[in-house]
Amino acid sequence: MLEMETKLAALKARLAEISDLDHAAAVLGWDQATYMPPGGAEARGRHLATLAKLSQEKFIDPAVGKLLDDLRSYEESLPYDSDEASLIRVTRRDYERAIKVPPEFVGRFSAHGAASYQAWTEARPTNNFARLRPLLEKTLDLSREMANFFPGYEHIADPLIGFADYGMKAASVRALFAELRERTVPIVQAITSQAPAEDACLKKHYPDAGQMAVSELIIKRLGYDYKRGRMDKTHHPFTTEFSIGDVRITTRVQENWLGDCLFSAIHEAGHAMYEQGVDKAYEATPLGSGTSAGVHEAQSRLWENVIGRSRGFWEYFYPELQKTFPEQLEDVSLETFYRAVNKVERSLIRADADEVTYNLHIMLRFDFELQMLEGKLAVKDLPEAWHERFQADFGLRAPDDRDGVLQDVHWFAGLIGGVFQGYTLGNVLGAQFYAAALEAHPEIPDDMWQGKFDTLHAWLIENIYRHGRKYTAEELVQRITGDPISIEPYIHYLREKYGELYEI
Ligand code: ZN
């Protein structure tokens, strides 16, 4: 037994060094997206590539594989959910994935991703799909090549979906989405057949400083710990973790749109509270972060939408907001403001979509990913396929590709496949977790009216955050609710909230 403990300590020491390299890279990435002058870009790319290479080499070292093999009997002798068995299990899963992808491919893929991202930043503003087409064709080839390092799949997208949402497959996501679509479309139709909500109150002039101050005040009150984090500005808001004691977020400000800064801040604070809530014992190991794209997105969307766009939340915070922006909001009633932040409409841009229509944007992208990987949809036909599907789903046609197929960065910076389903899984899981929290603590909505958010926060830490990557998404849902992943709580939530708002 002592021998096993020595081996586990040796494994942890190696994993800590790898974690240090990855977190040093995260600091450089954060700096690149916030304060780095443009002149730093070229060298920064090199710094990041060197750290990524060192980290990868250290991890796929056969010595790691040997330690994992030696520890197998020890793992099997321990309870499944013990910290030690979980660490060995999750590390083995990561290791077996990592050794299947040749370092030569990793280098090729990352160089292509950087070139493609750079081209996208230039070609999107000028609506130039033709320039991106050959790059996207290569991305599709590389995505297929990546999937084929993991033979034995049912669907070629399965390995790619599994990277972000371990345990999910094309078939399971497709079934969930089909059900969700069938139940959502009638709600969208019922709402959009009515007069749209008035949201002019959000489009006045709101100075930058006031938006940042009120966003900071709100996320602190929700439970984001400023002693272990900070908020800066970027083009595309994100969360990044350097350690459990330093989890940073970013937001952006549009002075003529109140919704962007505030809801981006709440969204990212939701991601960050998850990372801040991981058990300190998992620091510098593969267990020390959120478990999947879907569960992560469930945390950000729960705080942003279920809480941040609820009536109780604004009963409490609206007077505070009016104090910050007296001229803009003194004549705007709470009811008008509440309806404005919950306006539902068929719109072109996914990132700005409301919580009712949002999933339709994701389903379109997910279906196209599968069709492209299957070889049924060619990259050259993508722009027109986009317009046709958008017309069918939303009754709208984007004026150009910029607000059509070029709007999201994902396919231009990474893989085609596995990158979009997490958003909708997040909406579904967030509602399922919230329903479980309400069952345990029916006082949560009343607490909110008093500005008290710690009951919910403590429940999330206890049931989700602290476990890090110990459990998969499906295991977490099963442990918390006793049921598999289900859309019912989400549909129930939409019907209750929007049924009242729109009298449907
Ligand atoms: Zn997010």
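The values are calculated or read from the model by the stated rules, or taken from the named source; none is laboratory data. Here the structure is a predicted model, which is why all the values come from computation and not from measurement. Cβ atoms come from the backbone with ideal geometry, glycine included; neighbour counts cover every protein chain shown. Calculation scope for accessible area: heavy atoms of the full protein, side chains included, ligands and nucleic acids excluded. Shrake-Rupley method; radii C 1.70, N 1.55, O 1.52, S 1.80 Å.
Structure summary
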quantity: Label-point separation, Tyr153 to Ala16 (7 Å along Cα→Cβ), nm; calculated: 3.7
quantity: Stretch gain in nm, segment Trp257-Thr34, where the contour uses 0.36 nm per residue and the Cα spacing is subtracted; calculated: 78.1 nm
quantity: Selection from Leu429, Phe59, Gly499, by position along the positive dipole direction of the chain (Cβ); calculated: Phe59
quantity: Computed over the range 170-502: relative contact order in percent, which uses C-alpha pairs under 8 Å that are six or more apart; calculated: 23
quantity: Point-to-point label distance, Glu182-Glu462, nm (Cα→Cβ direction, 7 Å offset); calculated: 3.7
quantity: The range 1-24-the range 370-398 distance, computed between alpha-carbon centres (Å); calculated: 47
quantity: Debye intensity ratio in log₁₀ form over the Cα atoms of the range 170-502, taken at each q of 0.07, 0.12 Å⁻¹; calculated: -0.28, -0.88
quantity: Net dipole in debye of the range 60-124 [+1 Lys, Arg Cβ; -1 Asp, Glu Cβ; about Cα centre; nearest 20]; calculated: 400
quantity: Å³ per residue enclosed by the Cα convex hull of the range 276-344; calculated: 126
quantity: Within the chain: Cβ-based charge dipole about Cα centre, in debye rounded to nearest 20 (Lys, Arg +1; Asp, Glu -1); calculated: 1020
quantity: Full-stretch length increase - Glu3, Val106 - with 0.36 nm per residue and alpha-carbon distance subtracted; calculated: 33.5 nm
quantity: Highest-first arrangement of 42-53, 266-277, where packing means the average Cβ count within 10 Å; calculated: 266-277, 42-53
quantity: Rounded Å value of the spacing that divides the Cα centres of the range 202-251 and the range 88-102; calculated: 34
quantity: Sites Asp331 and Arg228, calculated FRET efficiency, Cβ-Cβ separation with R0 51 Å, nearest 0.05; calculated: 0.80
quantity: Full-extension gain in nm, Asp367 to Glu42, via 0.36 nm per residue minus C-alpha separation; calculated: 113.4 nm
quantity: Mean Kyte hydropathy of 0.0 or more with a Cα span along the axis of at least 15 Å, helices from DSSP in the chain; calculated: 2-34, 170-192, 208-222, 258-276, 358-374, 421-440
quantity: Label-point separation, Glu384 to Leu396 (7 Å along Cα→Cβ), nm; calculated: 2.4
quantity: Where trypsin sites (Lys or Arg not before Pro) fall in DSSP loop in the range 92-121, at most 11 other Cβ within 10 Å; calculated: none
quantity: Of all accessible heavy-atom area on the range 2-123, the percent that carbon and sulfur account for (1.4 Å); calculated: 61
quantity: Nearest-0.05 FRET efficiency for Asp447 and Glu145, computed from C-beta distance (R0 51 Å); calculated: 0.50
quantity: Loop GluC sites (Glu not before Pro), the range 74-183 (other Cβ atoms within 10 Å of the site Cβ: 12 or fewer; DSSP); calculated: Glu154
quantity: Heavy-atom surface of the chain, accessible at 1.4 Å and reported per residue (Å²); calculated: 43
quantity: Dipole of the chain, positive direction: furthest Cα of Pro103, Ala385, Leu370, with charges on the beta-carbon; calculated: Pro103
quantity: Between the range 111-190 and the range 259-288, the alpha-carbon center distance in angstrom; calculated: 25
quantity: Unsatisfied cross-links (Cα-Cα over 19 Å) in the set Lys66/Lys470; Lys7/Lys66; Lys7/Lys53; Lys12/Lys470; calculated: Lys66/Lys470; Lys7/Lys53
